Amino acid sequence: QKEVEQNSGPLSVPEGAIASLNCTYSDRGSQSFFWYRQYSGKSPELIMSIYSNGDKEDGRFTAQLNKASQYVSLLIRDSQPSDSATYLCAVSYGNKLVFGAGTILRVKS
Amino acid sequence: GAGVSQSPRYKVAKRGQDVALRCDPISGHVSLFWYQQALGQGPEFLTYFQNEAQLDKSGLPSDRFFAERPEGSVSTLKIQRTQQEDSAVYLCASSFALAGGEQYFGPGTRLTVT
């Protein structure tokens, strides 16, 4: 059983703070990892992909991958109220993505 | 350019009716995926096409679910004899890659079975 685990939250952070979202996965053979953002009533939107150990930065977002610990995280710097959404971690197993249940992020102004 | 499109956006079906959900992927994307998302959960994989070939249908919950992509572009997910437990959002995604690449989602079809 391929599993992806996330803390459901909600994670509440003040505007301007760093939000840290975490995800663990069960299969050591996984090679591709993704973070999607999903606003209420909308479909998932891809915000980051990461394939190798270390950090990958894109604007205010940084994805971190540690394959030895089977752990992937997303940092959002200078959090804005518009970042309030559910963040889905997804791990590629062969052709398909296996998703976590998502972490609800609330950024308070 | 245009993203993934899906139709209808909302569908209400009476229990026992058949429904057909359409997905039009991003032009040039070889891979097409269907996912089912229940409220408060992440999307769950249903099936995968590479061009017109259905290479993985391991996530289809029963033989009432059927998907096709006859010309390697537009795909249809059909659900026969709908049941209340089929109520969910059905998401289509496409990818340029053959495997393991970035997937882009359409807006989804919200199916309600009454």
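Structural remarks
- Kirkwood's formula applied to the C-alpha pairs of the protein assembly as shown gives a hydrodynamic radius of 17.9 angstrom.
- Computed over all pairs of different Cα atoms, the Kirkwood value for the hydrodynamic radius of segment B:16-113 is 13.4 Å.
- Taken per residue, the accessible surface of chain A reaches 47 Å², heavy atoms only and a 1.4 Å probe.
- Proximity of backbone amide H atoms, modeled 1.01 Å from N, is registered between B:A67 and B:K78 at under 5 Å, excluding neighbours fewer than 5 places apart on the same chain.
- Residues of segment A:18-46 that bury at least 20 Å² of accessible area when the other protein chains are present, relative to the chain alone (probe 1.4 Å, heavy atoms, ligands and nucleic acids excluded): A:F34, A:Y36, A:Q38, A:G41, A:S43, A:P44, A:L46.
- Within chain A, the ratio Rg/Rh, alpha carbon atoms throughout and Rh by Kirkwood, equals 0.95.
- Average partner coverage of B:33-41, which counts Cβ from other chains inside 10 Å: 3
- In terms of the mean number of neighbouring beta-carbon atoms within 10 Å, the peptides B:37-46, A:85-94, B:52-61 order highest first as A:85-94, B:37-46, B:52-61.
- Pairs exceeding 18 Å between alpha-carbon atoms, taken from B:K11/B:K78; B:K57/B:K78; A:K56/A:K108: A:K56/A:K108.
- Expressed as a whole percent, the accessible surface of chain A that belongs to carbon and sulfur atoms is 45, based on a 1.4 Å probe.
- FRET efficiency, B:Q17 to A:R28 (Cβ-Cβ, R0 45 Å, nearest 0.05): 0.50
- Given +1 at the Cβ of Lys and Arg, -1 at the Cβ of Asp and Glu and no other charges, the dipole of the protein assembly as shown around its Cα centre is 520 debye to the nearest 20.
- With all protein chains modelled, accessible area of A:V98 [1.4 Å, Å²]: 30
- Among the trypsin sites (Lys or Arg not before Pro) found in chain A, those both in a DSSP coil and sparsely packed, with 12 or fewer other Cβ atoms within 10 Å of their Cβ, are A:R28.
- Taking the protein assembly as shown as a whole, each Cys residue has some other Cys C-beta under 4.7 Å from its C-beta.
- Only one residue of A:A17, A:A85, A:F61 has its Cα farthest out toward the positive end of the dipole of chain A, where Lys and Arg carry +1 and Asp and Glu -1 on Cβ, and that residue is A:A85.
- Members of segment A:60-109 that become less accessible by 30 Å² or more once partner protein chains are added (1.4 angstrom probe, chain alone as reference): A:N95, A:K96, A:L97, A:F99, A:A101
- Label positions at A:D78 and A:E57, each projected 7 Å from the Cα along the C-beta direction, are separated by 1.2 nm.
- Accessible surface, per residue, of segment B:1-43 when the full set of protein chains is kept, probe 1.4 Å, Å²: 55
- Apportionment of accessible area to carbon and sulfur, segment B:1-112, percent (1.4 Å): 48
- A loss of 50 Å² or more of accessible area (1.4 Å probe, protein heavy atoms, ligands and nucleic acids excluded) relative to the isolated chain is seen in these residues of segment B:84-107: B:G100, B:E102, B:Q103, B:F105.
- Take the accessible area of B alone and of A alone, subtract that of the pair with a 1.4 Å probe, and the total buried over both chains is about 1500 Å².
- Reducing segment B:56-78 and segment A:1-69 to their Cα centroids gives an inter-centroid distance of 29 Å.
The values are calculated or read from the model by the stated rules, or taken from the named source; none is laboratory data. Since this is a predicted model, take the numbers as computed values, not measurements. Glycine also receives a Cβ, built like all others from the backbone with ideal geometry; neighbour counts cover every protein chain displayed. Each accessible area value is taken on the protein alone, full model and side chains, heavy atoms only, with ligands, DNA and RNA left out. Shrake-Rupley method; radii C 1.70, N 1.55, O 1.52, S 1.80 Å.
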